[in-house]
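I have a structure here, written as structure tokens, and I will follow up with some questions on it.
Derivation of every value follows stated rules applied to the coordinates shown; laboratory data play no part. Treat the numbers as computed from the prediction; the structure is a model and nothing was measured. Heads up, the Cβs are rebuilt from the backbone with ideal geometry, glycines too, and the neighbour counts pull from every protein chain shown.
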Amino acid sequence: MPTNLPPEYYEAERHYKEAVTPQEKAETLENLISTIPKHKGTDKLRADLRRKLSKFKSQAQAAKKKTGKHETHFHIEKEGDARVIVVGCANVGKSSLVAKVTNAEPEISSSPYSSWAPTPGMMIHDGVHIQLIDTPAIDREYIEPEFVDLVKNSDLILLMLDLQAYPLQQVEKTIDMLENHRIYAAHKDIPDTEKRVWKISTIIAVNKDDGENLDEEFDVLNELLREEGWILLPVSVETGRNLNDMMNFVIKELKIIRVYSKRPHEEADYSQPFILKSGATLDDFALAVHKDFHEKMKSARIWGKGVRDGQPVGRDHVLSDGDVVELHI
Ligand SMILES: Nc1nc2c(ncn2[C@@H]2O[C@H](COP(=O)(O)OP(=O)(O)O)[C@@H](O)[C@H]2O)c(=O)[nH]1
Ligand SMILES: [Mg+2]
């Protein structure tokens, strides 16, 4: 082993050793090789590692082919303004929620582990289209990599618990599963040394809080987890209790704003909001309406929070949820 290797080599070597799948091994090894200075003293090391690299690459290729069949049933096209994935243990009410608030019909069953395939549905709330995905229970021996990928490709995780069945154990199991796959709730402080992590906004929906007699149990759970920065919402899919509040909260957490356009001397069209990211400006809005507006806009007036009715605003004005905008070209 040549002794004159740079510190980056050892850092890269650590990642390579931590890698598990052939795909991860290949990626981290490629990076490792790139840290090795090219000279005679390192020739043998580089040749050895390249040989290993090609071995991992062919293994990764083979693994991809094998799971090809799975990919079709886990592969879900993104639709709507955002994607929210419902994750949790068996029987907590994931499928019931998706069946209740979307057009989808996932199987609901009191026997655990009935939903094997993720099922997407469209939830439309106050003009925002949210793709809500029902998933298989996480308390199983084997978690499909495609399932993990689906979580990583979501804008928000709705972590669901059953208040009536040891919720603390469920939350631990679910968080462990996610963190074992390097998926962390957005509020968590992850050490800088931890590379390649996915940070995703996570809300805990505590289901089966069917009536006031159960609220005290929710309060206890809430107090425990809130200290660690988690956000918990009590709901009952069966009775519909707090579901509306939950959906409002999801939209808030997605950092989405709804902005309405209006023509001069007409009312705003509230049925069709333009969905923008929080922090979007008038310029972004004009682009969303039409590229002609974006190019030719001379002025704009706005109605909403923190502005005078019909106040003229410039292109860099930051919009708020619920604003009504009149564009002039
Ligand atoms: N009491 C009560 N039962 C519920 C509620 N939501 C769902 N369930 C029941 O819990 C069981 C499991 O529901 P399901 O949606 O299949 O759970 P999943 O395994 O997480 O998809 C079913 O018998 C549902 O009827 C709720 O809010 N309250
Ligand atoms: Mg289910």
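Return one number: the angle in degrees, 0 to 90 and rounded to the nearest 10, between the long axis of the Cα atoms of helix 7-18 and the longest principal axis of the Cα atoms of the chain.
The helix 7-18 is inclined about 80 degrees to the chain.
Sticking with this structure for a sec: Subtracting the Cα-Cα distance from 0.36 nm times the residue separation, let me have the gained length for K195 to A165 in nm, one decimal. Can you show the working numbers first?
Values: separation 30, 0.36 × 30 = 10.80 nm, distance 3.53 nm.
Taking 0.36 nm per residue and subtracting the Cα distance, the gain is 7.3 nm.
Taking the Cα-to-Cβ direction at H265 and at S320 and moving 7 Å from each Cα, how far apart do the two end points lie in nm?
3.0 nm
What distance in nm separates the two pseudo spin-label positions at R308 and V220, each 7 Å out from Cα along the beta-carbon direction?
5.7 nm
Also: Mind giving me the nanometre distance, one decimal, between the label points for E30 and A62, set 7 Å out from Cα along Cα→Cβ?
2.0 nm
Another question, then. Checking a compactness column here: for the chain, what do you get for Rg(Cα) / (2.2 N^0.38 Å), N being the number of residues? Could the numbers behind the result be given before it?
Details: Rg = 24.7 Å, N = 329, 2.2 N^0.38 = 19.9 Å.
Compared with the compact-globule rule of thumb, the chain sits at 1.24.
Further, regarding this structure: What is the calculated FRET efficiency for A186 to R51, with r their C-beta to C-beta distance and R₀ = 41 Å, to the nearest 0.05? Numbers along the way, then the final one.
Details: r = 41 Å, r/R0 = 0.99.
According to the calculation, E is roughly 0.50.
Report, for region 117-271, the % of DSSP beta bridges that are antiparallel, rounded to 5.
Percentage antiparallel, nearest 5: 35.
Taking the Cβ of I257 as the centre, find all other residues whose Cβ is under 9 Å away and add up their charges (Lys, Arg: +1; Asp, Glu: -1). The partial results should precede the final answer.
Numbers: positive: K255, R258, K277; negative: D321, D323.
Net charge around I257: +1.
For the charge dipole of the chain, defined by +1 on Lys and Arg C-beta atoms and -1 on Asp and Glu C-beta atoms about the Cα centroid, which residue among I329, G306, M122 has the Cα displaced farthest towards the positive pole?
Of the listed residues, the answer is I329.
For helix 43-66, report the angle its Cα long axis makes with the longest principal axis of the Cα atoms of the chain; keep it between 0 and 90° and round to the nearest 10°.
The angle comes out at about 50 degrees.
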